[in-house]
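Structure record follows, encoded as C-alpha cells.
The values are calculated or read from the model by the stated rules, or taken from the named source; none is laboratory data. Small disclaimer: the values here were computed from a predicted structure and weren't measured. In this analysis, Cβ positions are derived from the backbone assuming ideal geometry, glycine residues included, and neighbour counts consider all displayed protein chains. These accessible areas exclude ligands, DNA and RNA; they are computed on the full protein's heavy atoms, side chains included. Shrake-Rupley method; radii C 1.70, N 1.55, O 1.52, S 1.80 Å.
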Amino acid sequence: MRGVLYLFVATLLAAMGWIASKVVVQSMAGEMFIASRFILASLILVPFCYKSLLKLSAKQVLSACGVGVFLGLALQVWIYAVSISDGLSEGAFIMSLAMIIAPLTAWLLFQVKPNRAFWIALPVSVSGMMLMSLTNGWKMESSQLLFLLASALLSVHFVMNKRISGNLKPLVSICLQLFVVGLVGLLYTLYTEPDAVQFSNQLMVWFVVSTVAATSVRYLLQTMGQYKVSMETAALLMILEPVWTLLLSISVLGETLEPQKLLGGGVIFLSLITYIKLSRRYAKAELAKMELAKSA
C-alpha cells in the first residue's frame, strides 16, 4: 500500500506540474523554464544518489544521457504546446497516449511486435483522439498536433529507457536524464535568446512548485512507488495524471471543456485501461503456456 500511495501522490504532483507550467510560461520563455527547472530538479536529487553516480562507467553515463535527450526534446515540444494551448486537460489526455504509441515505436525501432492488446486498444484511443480534437470539423489545432508529437517523442523515451533500465538504478538514471533535459533547454535558450523574465511573487511560487514538488519529489516518489508495486499496478495508477489535470485546470484555471472533448478524454482513458488489463491477461496466458511446455 505504501507503493500505491507513493504513485498516487506522484500523479497529483504531475498534474500540479501542468498547472504550474501554464502559469510560469506566461512570464518566462518555455525553453528557459525547462532549462532552469530540470537542472535544479536534478541537483536536488544528487544527494540521494551521488555515491552511485560516482561508480558509473562512461558507457552507462552516455546511455542515460542519450535517453535523456529524447525526453528533453519531448518536453521542449510539450512546453511550447502548453504555452499556446487554451486547455490543459485535453493536452494531458493526448500526452497519455504515449503509453499506447510506445509498442508501435518499439516495433519500428527494434522489430518487437506489439501484442494483441495494442491492436484492440489502438482504434479505441484513435476514436478518443478524434472526439477530442475534431470539434471544429476535420481540423486539429496546432497545440493538439504538438501534444501528439510530444507524446510520440515521449514514447521513444519510454522504449529507450526500458532498454537501459537493467544497467542503471532508477534514481541514478532519472537524475542524469533530468540534468540532460535541462541542458537541452539551456542550449535552445542560448539559440533563441528569449525575452527577459517578468519576475513576480506568483511566478516564484509556481516555479518552486514545478521544480521541487512536480519534478524532484514527483520523480522520487514515482521511482520508489514503481519499485514497490507491480508494473501493471503502476501503469494503472499513472494514468490518473490526466484526470487530476482536468480537475485542477477546471478548479484553478477556470477551464471549461466541451462535452465532446470530455467524452474523447474518457474514451482515451478507457483505451489505456483496456491496453493495460489485456496486456496483463495475455502475459499471464503466455507464461502459463511456457510453464506447460516445460512440464511436458
*Name every residue in region 147-161 that is open to solvent by 60 Å² or more (accessible area, probe 1.4 Å) and either in contact with a His (Cβ under 8 Å, 6 or more places away or on another chain) or at pLDDT below 85 (or both), in order of residue number.*
Phe158
*Mind checking whether some residue in region 230-249 is open to solvent by less than 60 Å² (accessible area, probe 1.4 Å), of a type in the set (Phe, Trp, Tyr), over 24 Å from Leu171 (Cα atoms) and part of a helix (DSSP H, G or I)?*
yes
_Only listed residue being in a helix (DSSP H, G or I) and either within 21 Å of the chain's Cα centre (by Cα) or of a type in the set (Asp, Glu) (or both), chosen from Leu53, Leu5, Leu62_ = Leu5
_Please go through region 162-195 and give me each residue that is assigned to a helix (DSSP H, G or I), surrounded by fewer than 19 Cβ atoms within 10 Å (Cβ to Cβ) and in contact with a Cys (Cβ under 8 Å, 6 or more places away or on another chain), ordered by number._
Leu171
_Can you confirm whether Trp206 is open to solvent by 70 Å² or more (accessible area, probe 1.4 Å), more than 19 Å from Ala74 (Cβ to Cβ), at pLDDT 85 or above and outside any loop (DSSP other than H, G, I, E, B)?_
no
_Any residue at all in region 56-65 that's open to solvent by less than 10 Å² (accessible area, probe 1.4 Å) and either touching a residue at least 24 places away in the same chain (Cβ under 8 Å) or at negative phi (or both)?_
yes
*Mind checking which residues of region 250-296 are among the β-branched types (Val, Ile, Thr), over 24 Å from Gln226 (Cβ atoms) and open to solvent by less than 70 Å² (accessible area, probe 1.4 Å)?*
Val267
